[in-house]
Amino acid sequence: MPAAVEQGEGRRPRLFVFFGMIASGKSTLARGFAERHGFSSYNTDRVRKELAGIDATTRCAEGVDQGIYSPAFTARTYQALLDRAEADLRAGMAGVVLDGSYGRRADRARVLELAARLGVAVVFILCFCSDAEVRRRLALRARDPGAVSDGRWEIYLSQKERFEPPDELGPAQLVRINTEAPPEVLLERLAPLVSAPDGH
């Protein structure tokens, strides 16, 4: 198996990482972006519950760093996303979308290492919104029986304290997007990332 993956003429396959805190809108955008461009997509909430052997919509009320949200299980989840992304890219997929908080530099570094090893381009899309909008979205999610995320306000506050700013990412690797606009508008703004030359 070759170390690098090639796609098309002069354009490398791409790894897109939608990240940010809970209720930041990253999963909505990641899902829409992947569907729009025909990319595979992996979400930490879904993969975490898959690894735990429970249904995606089963609510888990564990606190911060407990149960399936323990550091060890979280590390296993993020590694599973990397493994699946690598398999898809080696199989010739033009793009793969990863969707998770990626609030630790160490987790982002592993994505960068994978991209470098495979010779693919990588773009991190940092999704954010106001605290008021986070509260509104979490309230809606709590009443949605089909919701996958177990995010709650106290978990958001904990994430906010721990989130490590992506200062290590250069301007060609990082896009910041306020998700309070309609998803269709945001997806239009992000569309050029797919056709841009390496380094947007």
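The values are calculated or read from the model by the stated rules, or taken from the named source; none is laboratory data. Keep in mind that this is a model prediction, so the values were computed, not measured. Here the Cβ is made from the backbone with ideal geometry for all residues, glycine too, and neighbour counts use every protein chain on show.
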- [ ] Would you please name the residue that is modelled with the highest pLDDT, looking only at residues in region 34-45 that are touching a helix residue (DSSP H, G or I) at 6+ places or on another chain (Cβ under 7 Å) and farther than 15 Å from Asp88 by Cβ?
- [x] Arg36
Task: Meets criteria (at pLDDT 90 or above and not acidic (Asp, Glu)) for Pro165 - done: yes
TODO: Among the candidates Ala80, Ala91, Ala75, single out the residue that is over 21 Å from Leu193 (Cα atoms), under 14 Å from the mean Cα position of the chain (by Cα) and not aromatic (Phe, Trp, Tyr).
DONE: Ala80
Open item on the list: Taking the conditions exactly as written (at pLDDT 95 or above and at negative phi), does Glu188 satisfy them or not?
Closed with: yes
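Which one of these is out of contact with any strand residue (DSSP E or B) (no Cβ under 8 Å at 6 or more places or on another chain), surrounded by fewer than 22 Cβ atoms within 10 Å (Cβ to Cβ) and either basic (Lys, Arg) or at pLDDT below 90 (or both): Arg48, Arg31, Arg117? Full working, then the answer.
Numbers: Arg48 fails: surrounded by fewer than 22 Cβ atoms within 10 Å (Cβ to Cβ); Arg31 fails: out of contact with any strand residue (DSSP E or B) (no Cβ under 8 Å at 6 or more places or on another chain).
Result of the check over Arg48, Arg31, Arg117: Arg117.
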Task: The one condition in (1) in contact with a Lys or Arg (Cβ under 9 Å, 6 or more places away or on another chain); (2) more than 26 Å from Ser40 (Cβ to Cβ); (3) at pLDDT below 95; (4) part of a loop (DSSP other than H, G, I, E, B) that Pro171 fails to fulfil - done: (1)
- [ ] Among the numbered conditions (1) within 26 Å of Thr179 (Cα to Cα); (2) modelled with pLDDT under 90; (3) over 12 Å from the mean Cα position of the chain (by Cα), tell me where Ile68 comes up short.
- [x] (1)
